[in-house]
Amino acid sequence: MDVAVTVNGTLYERDVEPRKLLIHFLRDDLDLTGSHIGCDTGNCGACSVIFDGKLVKSCMLLAVQANGSSVETVEGLSDGDEMTALQQSFSDHHALQCGYCTPGMLMSATALLRAKPSPTDDEIRKALQGNICRCTGYWNIFEAVKAAGR
Amino acid sequence: MLLREVEYAKPSSVAEALGLLAADDGARALAGGQTLVNVMKARAASPDMLVDLNGLEELRGIELAGDGTLSIGPMTTYTELMESVEARARPILGEVCAQIADVQVRNRGTIGGNLCSNDPTNHLPPLMAAIGARMTIRGGDGERTMGTDEFFLGVYMTAVGPGELLTRITIPAGKHDGFAAVTLGVDGTCIVNAAASANGSLRVALGCVDAVPVVVEAESPDGVRAAVRAAGIDPPSDVHASSAYRAHLAEVLAERAARQAVEKR
Amino acid sequence: MTTIAPEKVIAPQKQWQGQSVPRKEDKRLTQGQGVFVDDIKRHGMGYLHFVRSPYAHAHITSIDVSKAEEIKGVYGTLTGEEVAALTDPFFQIASEPGGQIKDFALAVGKVRYVGEPVVAVVADTRELARDASELVEVEYEPLSALVDAREALKSDAPLLHDDAGGNLMWQGTYEWGDLDAAFAEADRVVKIEELHFHRFNSTPLECDGALVEFNRGTAQWTIHTNNQFPGFAAIMMGPAMRCGLDKLRFVTQDIGGGFGNKITSHPQLVVCCLLARKLNRPVQWTEWRTDFHMSMSHGNERWFQDTEVAVKADGTLLGFRTKALDDAGAWLRYEPLGGVIWAQVTPGMYRWRHIRVDFTQVATNKAPVSPNRGYSRMQHLWFTERVIDIVARELGLDPVDVRKRNYVRAEDMPYETPNGCIYDSGDYAQMLDIALELIGPVEERRADAKARGKLLGVGIGSTLDSGTNNFGQSRLINPELQFSGNNEVATVKLDIFGEIVVTLGTTPQGQGHETTAAQVVADILGCSMDDVHVRAGHDSYWNSHAGFSGTYASQFAVTGLSAVKGATEMLAVEIKKLASVIFGGVPAEALELAEGGVRIKDNPEAFLPFMACGAIINANNAGLPEDLDVTLNCRYVYRPPFEVPDIERKFGNLTLTYAAQIHVAVIEIDPETGYYDIVDYAAVDDCGKRINPQIVEGQVMGATAQAIGAAMHETYEYDEDGNLLTPNFYDYHVPHALDMPPLRTGFIESPSPFTPLGTKGMGEGGGAGIHAVCAAVQDATGKIVTDSHNPYQRVWELLQ
């Protein structure tokens, strides 16, 4: 089935099986391996992307559902080689260790900061609830997002 | 994690959707996908065709009538319900939706999907039962509207049959509602939940204790526990809770939901 | 929590060690440019899917792969029968009887746990491999399942391994001191019938995986994987596959969490290797979350039965005896080392001298156990902490007082434990004071909670993180084994254009090795961290590894960084030797390394930049003295000072360093439901010299979060047929952002006298959070807590 989807500003046209999940399409067909897979029940959020302006888990969307839509992944956050202020804040606050949950966290934080440029602590926690991390315990991630928000 | 082969269609009208669903026994409606896609990943169910409802504007939208009645399209997402100005007419709706899963799930998951999947641990079936929601189903034979007692039939089973779609949820006016749950982690899957409504008589609906919401009535919150005991529930045991613990939680949460509802008077 | 303020520039010439410098890893990881094993692609690769057993215990009566193999796009399959023909059983650490079991990479003849791999199918797409696996026909003859370790040694228990003649895998008795005298001297003997440490693990977000290529011409496998202990994997795989270890090239880059759970993937790696060779194409394997939960690395489940504690009336602990029953699951993949590893912390943090542990390990029809963060020490430390709190309760004493009365004291350090381990340094009483001060007064909070209808509880969890193993302890399990000591390797070179390149033997999964190694190097060479390039990950071909290389068991800050220090110091000596010649015979003592080069101390203008040194040795070396022994490519093997333990007495130093953590948890229970919240939490750590404080704190926080998850929600629970009831993240709840309590942290630094940098290994945390939550539940409910796992229902039941 034909699908035409804009990812990080670039239009991709491919032929995919309807059963292919959007996360596999991004990773395997488009070689955008920044978004990750950490579970098989839609719980972990490592696959989070921004889909038509809304934060979603790309493991629960079919690639064909993205036809005509726009998707933003972690690869699209920085323009060129430099880290963005949010990415720098993650580094400054040691909000990542192994880095596997990080792309998903960044997308969730990006979605939050767009809607709420100066989020409260509660708003930050609620916004990141759908992103599991096993390394950091989340506390540094809260600080990183708070600092990026000022 | 990998789905079986499936066909996919994205109809542009409800009539077209109904046609596709009626034509193939193995066709399933795809709403938010936050449950169905996971079921398909586990290969616990593998429809032949997915009929994507996400293009159907007719199934969206929230209208508030002059008498306070809300008419909600089933493809309304939890986020949309939470952000809707109209839905504030029945505040419990947004309050409960805010407890469901997480941001990502709420941006795609729909109220219709929640009701039609009728997982016993879902939040919305008991809530609808407590507040007296009515569901409209459209099929080849036309439309019919019913209360929750006729809508919820069994685990994962509702009155929406093959070739049919839930097209509208109608919610009467009211503000005196409550909801209480014990969940697996904060805002996690419900172990037991209870919804209450004190608009007129006091109704409490229990979730997670039976195949469908169990509704009890009482004069006041003080009588709720007795009403729950009288209902004779025999909840399932699983890794999260024994039957006895669930039965106990049901009493406690039913009373708490009832008090919340009454305190809002 | 330390946060580095972006405005503060880390001064280049100040010491790098001890500063929370930004991590080198962060740029690629935040930009989604990390390379995790599933990110790697090879042309023509086949995707592997495992057909797994649906039964906990069954004979395999037939396997038919023909229908699967007929499908276009399916490249081939592998069965247990083929594996048994092509490989030898994996080496067993155990002696008898466990050592008799025959462990192959796929089930042979029988399946012994739900999820056990039976057949592998390889196809041209992931989906097709999955589909084709449904066409593989396996016939089983189900047998009864053994799910409770306490039943394993009964005469009618289902027998897992005929070769072992029973379900006993290993048994050992440990006894030190004089128990009879201790119990005679005791004023009270506190008896605890049964304590249970539950089964869970750290569920790293990235599951196991590999992409294996086989070079037919050289019979060489290249194994791209996220296995965190390639040294161990090689030792297990080589003999099984009947090939030399150099034929197994392990390559890792970024690993999405390990926590010990990525040590025993060698069976699956063998399957990938055999298929890569059989099918003549690269083979890619991704483990899905459910596969991981069902089959990988469960942490040790351990019962402590018939415990007796000898105490004085004032709370002085004299000794204890207990029977430890350990549930190894269906296979011994790293076990029965768990049967001795706990002995690194035999007395916990306490000064009792008379101890007996009868340790029994049995097999059951559950997933194989292997190291999980805190491996085997956590279980034992939880036990000692439970004993403290239960004794305190029985005697009507304050748990704080009992701890302080019995803690090993700062003035006792280095402290030799009853079994000859040496606690290097530490001040537990001070740490406890800091933790309690962070929490503040509790009684008013208790009254306030009561007024709101809640039960408040405060609990202490004190724990040790023993690091840098002496592998000689394996001989206490099996005297025939030829392992002892430990090692790690680093290579530091000065390249032709003056680049400083560091190669490690480790396989980091988020611990920041590239950064901390660069800090150590920069300090020794007097240069900027930005000029130190540390290669990411691990590659056998770099030849910068040894038998024990990997990242596990809380040791990098000791073994890895000591290797880095050693290699860098070698390089520094060589640089000075070269400079000495270039400067016309100036003695090495008159030279110093600074500002990216080497100069004469008294005449700093005589300066040779590193680039010049590198260029001379690599490309411009005519005229140098014949005896100038300088390569500027220095490989160093760090070897911690260990002896082989005394096998008879089970006595000797088993670990080099002892980091410590003391946590305090404050909970509020809703007595009507048993639901509880952690409303306040303090964690104080001591890991000796901190190379990068922020990284250390990150590890403490992560361990805390995992411990809270295990204490409250996480459990691998089985039904009576051996089905895992928590096989995915839907049912196995790991904490998320809303579940985290407020956190206060503190630290002290007690440098280790035994390590080159004064560092101690850390990162495992020892389950302090579990101990603290159990203690808090006991305090709040007034009931004795006997299980490490306390979900709401259990708390409610305690209150009834």
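Data table
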quantity: Solvent-accessible surface (1.4 angstrom probe) belonging to B:E83, in square angstrom, nearest 10; calculated: 140
quantity: Sulfur and carbon atoms: percent of accessible area, the stretch C:668-721 [1.4 Å]; calculated: 42
quantity: Equivalent ellipsoid semi-axes - Cα gyration tensor, the stretch C:343-484, angstrom; calculated: 34, 20, 14
quantity: Set of lysines near C:K154 by C-alpha distance (under 23 Å), chain-local residues within fewer than 8 positions excluded; calculated: C:K102, C:K110, C:K323, C:K366
quantity: Span per principal axis, largest first, for the Cα atoms of chain B (Å); calculated: 53, 47, 34
quantity: The stretch C:543-690 - percent relative contact order, Cα under 8 Å, separation 6 or more; calculated: 18
quantity: Buried on assembly, the stretch C:706-737 (at least 50 Å² less accessible surface than by itself, 1.4 Å probe); calculated: C:F729, C:Y730, C:H736, C:A737
quantity: For the protein assembly as shown, convex hull volume per residue from C-alpha positions, Å³; calculated: 181
quantity: Percent of beta bridges antiparallel (DSSP, chain A, rounded to nearest 5); calculated: 85
quantity: Average projected area [Cα convex hull, the stretch B:57-171], square nanometres; calculated: 6.9
quantity: Residues of the stretch C:211-339: accessible area per residue with a 1.4 Å probe, Å²; calculated: 22
quantity: Descending semi-axes in whole angstrom, ellipsoid equivalent of chain C, from the Cα gyration tensor; calculated: 42, 37, 24
quantity: Cα shape, the stretch C:173-310, gyration tensor, a/c 1.5 rule; calculated: prolate
quantity: Whole-percent carbon and sulfur share, accessible surface of the stretch A:85-149, 1.4 Å; calculated: 53
quantity: Estimated FRET transfer efficiency when R0 is 56 angstrom, pair B:V262-A:A4 (beta carbons, to 0.05); calculated: 0.55
quantity: Ratio Rg/Rh, restricted to the stretch A:42-116 and using Cα atoms, in which Rh is the Kirkwood radius; calculated: 0.98
quantity: Averaged over A:85-94, number of beta-carbon atoms from partner chains that fall within 10 Å; calculated: 6
quantity: Evaluated at q = 0.13, 0.20, 0.22 Å⁻¹: base-10 log I(q)/I(0), Debye formula over Cα of the stretch C:256-351; calculated: -0.67, -1.10, -1.21
quantity: Inverse mean reciprocal Cα-Cα distance (Kirkwood Rh) of the stretch B:106-254, Å; calculated: 15.7
quantity: Order by protection proxy (mean Cβ within 10 Å, highest first), peptides B:107-114, C:407-414; calculated: B:107-114, C:407-414
quantity: Those lysines that a straight Cα-Cα span of less than 23 Å connects to C:K577, excepting residues fewer than 8 apart in one chain; calculated: C:K493, C:K565, C:K601
quantity: Order by protection proxy (mean Cβ within 10 Å, highest first), peptides A:3-12, A:16-25; calculated: A:16-25, A:3-12
quantity: Counting all C-alpha pairs of the stretch C:615-714, share separated by more than 21 Å (%); calculated: 67
quantity: Kirkwood Rh (inverse of mean 1/r, distinct Cα pairs), chain A, angstrom; calculated: 15.5
quantity: Highest average packing first - C:34-43, C:482-491, Cβ atoms within 10 Å; calculated: C:482-491, C:34-43
quantity: D (Stokes-Einstein, µm²/s), Kirkwood Cα radius, the stretch B:160-205, 0.692 mPa s at 37 °C; calculated: 247
quantity: Per residue accessible area in Å² of the stretch B:7-52, where ligands, DNA and RNA are left out and the probe is 1.4 Å; calculated: 40
quantity: Peptide B:251-262, shielding by other chains (average Cβ, 10 Å cutoff); calculated: 1
quantity: The stretch C:22-178: C-alpha gyration tensor shape, a/c 1.5 cut-off, then a/b vs b/c; calculated: oblate
quantity: Percentage of interatomic Cα-Cα distances in the stretch B:7-52 larger than 12 Å; calculated: 58
quantity: DSSP-defined beta bridges in chain C - what % are antiparallel, rounded to 5; calculated: 80
quantity: Of all DSSP beta bridges in the protein assembly as shown, antiparallel share, percent nearest 5; calculated: 80
quantity: Chain pair A, C: total accessible area buried, heavy atoms, 1.4 Å probe, Å²; calculated: 4800
quantity: Length-normalised contact order for the stretch B:7-52 - Cα pairs under 8 Å, 6+ apart - percent; calculated: 56
quantity: Spherically averaged projected area of the stretch C:555-691 from its Cα convex hull (nm²); calculated: 17.0
quantity: Peptide C:285-291, shielding by other chains (average Cβ, 10 Å cutoff); calculated: 4
quantity: Distance histogram in 5 Å bins (all Cα pairs of the stretch A:85-149, percent per bin); calculated: 4, 22, 36, 27, 10, 1
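The values are calculated or read from the model by the stated rules, or taken from the named source; none is laboratory data. All values reported here derive from a predicted model rather than from experimental measurement. Every residue, glycine among them, receives a Cβ derived from its backbone with ideal geometry; neighbour counts consider all protein chains shown. What goes into the accessible areas is simple: the full protein's heavy atoms, side chains included, and nothing from ligands, DNA or RNA. Shrake-Rupley method; radii C 1.70, N 1.55, O 1.52, S 1.80 Å.
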